[in-house]
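Data block below; observations after.
The values are calculated or read from the model by the stated rules, or taken from the named source; none is laboratory data. From a predicted model like this one, the values you see are computed outputs, not experimental measurements. Counting neighbours? That spans all protein chains shown, and the Cβs are built from the backbone with ideal geometry, glycine included.
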Amino acid sequence: MKPQDRRLHFRHKVSLPVLVQSEKFSGDQIGLPPLRFESVTRDISLGGILVDLSIRAQGLDSNWQPDWFQDRFFWVHIRGIALIPDGIFTKARAVHLFDGNQDRAPAFGLQFQELMGVLEDRLRLFLETLGK
């Protein structure tokens, strides 16, 4: 079974500006550096986002290590969605790190933890417009 066969939500390829900040005391207390950087999404779904970790990740230490993302919680602020003028601000958990290769820069997947109500409804509408 391919990994995409396990996904609960269809992913839409879209580049949206995103601010990512590690949650205070989520890994920071065990020696991991606090993280705060701006980047773009590679894709988005109702379940989460894939964040680009290439040179477009402004404010991320260029010597970052994979374990800086493993099993950590982050606050994310996704902008650029007309239906959500203030953007999506929610808590998310790092679920997978994709190492870079010849074709793609590194990225990491974030699973939304507290997206509900009006924000979830508006995100669903936005994603439906992308699917058309």
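Return yes or no: is E23 acidic (D, E) and under 13 Å from the mean Cα position of the chain (by Cα)? No; evaluated as a whole, the condition is false for this residue.
Close contacts from region 72-99, counting a first residue that is at positive phi and a second that is of a type in the set (A, V, I, L, M, F, W, C) and not in a strand (DSSP E or B), with Cβ to Cβ under 6 Å and a gap of 6+ residues or different chains, come to G80/L16. Mind checking which residues of region 80-132 are β-branched (V, I, T), surrounded by 15 or more Cβ atoms within 10 Å (Cβ to Cβ) and farther than 30 Å from Q65 by Cβ? Of everything in region 80-132, those that are β-branched (V, I, T), surrounded by 15 or more Cβ atoms within 10 Å (Cβ to Cβ) and farther than 30 Å from Q65 by Cβ turn out to be I81, I84. Elements of the type strands (runs of 3 or more DSSP E) sitting completely within region 17-87 and holding at least 1 residues that are within 19 Å of R104 (Cα to Cα) and of a type outside the set (D, E): these cover 17-22, 36-44, 48-52. Confirm whether F112 is aromatic (F, W, Y), in contact with a His (Cβ under 9 Å, 6 or more places away or on another chain), closer than 17 Å to R11 by Cα and modelled with pLDDT of 90 or more. Criteria not met by F112.
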